[in-house]
Amino acid sequence: DLAHSSQHIMVDRVTTFWAHSTLGASGCYPAYKGLENAPDEPAIYISNHASWMDMPIMGIMFYEMRQRHRKKGTSIPTGQDLFKCVGKDDLLKLPVLGKAIALGRHVTVDREDRRSQVKAFRSIQDWMSRGVSFVTFPEGKRSADGRLRSFKRGVFKIALARGAKVVPVSIVSSQHIMPKAALLPTVAGDLLRRRTDEKEYQGEPLAVIMHPPIDPEGLSEEQLAQKAFDAIASGLPEGQKPLPGVMASSRESSSEVK
């Protein structure tokens, strides 16, 4: 199977090493909480998006899930081992990251091209049928102020079509490490730990909180999106929660995959 071929696994492990190096060099390795909530099947993991650091942070989450099972001496369930990301096709133009995305056969989509969206939809369906989970940021782009924004709806269409569980993930305070406008991390995670108010950041300045999976059965697209939105918001500190009146869906929500 292509998903579990030696070449694919090698690329995945090299990507994990890159993510480890990125987080370690910047002193930004987060605390991962709630990993026991990961389902034993391929699922769609979604999170808020406020920093470029969110990509390696979510990648290492799967490493931490694997390590959890290794320490317990249990087998790694399908869907907790290999994963793919969904991102805009502009990422392929980046010198190093673009090559890694292509080699890893992650899914990219042109938001303006309907055919590209359909192709991405089919690719996600195909990979999940092979036991591969997906990671995506349904806000569609990084939040400038770190607050949770409304979601694009494409990922929820996929979840409903496949009957795949959606796993909400809250990333706490990554926007302080590397804001949207920054080219490099602006402050190390250990310095942030000393500079921030413990209460404001729930005791962990840089943290990843995995919430219980949401089964899409019996839910509408809008209901599924709102449940995921509310779960992510519940794990964020006050300064990252959505502003009053902001809901999962907005007038700009569309059929885009991301």
Handout entry: Cα gyration tensor category, rounded, prolate or oblate, for region 64-179 with a/c compared to 1.5
Key = rounded
Exercise for the section: Pop out the ³J(HN,Hα) list for region 140-154 in order, Karplus 6.51 cos²θ - 1.76 cosθ + 1.60 with θ = phi - 60°, rounded to Hz; leave Gly and Pro as x. Expected result: x, 7, 5, 6, 5, 10, x, 7, 5, 10, 4, 9, 6, 9, x
Practice task
Could you rank Lys227, Lys33 by how accessible they are, 1.4 Å probe, largest area first?
Solution key: Lys227, Lys33
Exercise for the section: Of all alpha-carbon pairs in region 203-246, indicate the percentage at a distance above 14 angstrom. Expected result: 57
Practice task
Apply the Karplus parameterisation 6.51 cos²θ - 1.76 cosθ + 1.60, with θ equal to phi minus 60°, to every residue of region 32-40 and state each ³J(HN,Hα) to the nearest whole Hz, in sequence, with x for glycine and proline.
Solution key: 9, 10, x, 5, 5, 7, 4, x, 8
Completion exercise
Whole-Hz Karplus couplings 3J(HN,Hα) for region 170-178, θ = phi - 60° and coefficients 6.51, -1.76, 1.60, Gly and Pro as x, run 9, 9, 9, 6, 5, 5, 7, 6, 8
Completion exercise
Quick calc: nm separation of the 7 Å Cα→Cβ label points for Val14 and Leu160 -> 4.0
Practice task
Apply 1/(1 + (r/R0)^6) to the Cβ-Cβ distance of Ile76 and Leu243, taking R0 = 41 Å, and write down the FRET efficiency to the nearest 0.05.
Solution key: 0.55
Practice task
With a Förster radius of 30 Å, plug the Cβ-Cβ distance of Glu41 and Lys93 into 1/(1 + (r/R0)^6) and report the FRET value to the nearest 0.05.
Solution key: 0.30
Practice task
Using only the Cα atoms of region 108-168, build the gyration tensor, take square roots of its eigenvalues as a ≥ b ≥ c, and label the shape rounded, prolate or oblate: rounded if a/c is under 1.5, else prolate if a/b is larger than b/c, else oblate.
Solution key: oblate
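The values are calculated or read from the model by the stated rules, or taken from the named source; none is laboratory data. Being a predicted model, the structure only gives us computed values, none of them experimental. With ideal geometry, Cβ positions are generated from the backbone for all residues, glycine too; neighbour counts draw on all protein chains shown. Surface areas here come from the heavy atoms of the whole protein model, side chains and all, with no ligands, DNA or RNA. Shrake-Rupley method; radii C 1.70, N 1.55, O 1.52, S 1.80 Å.
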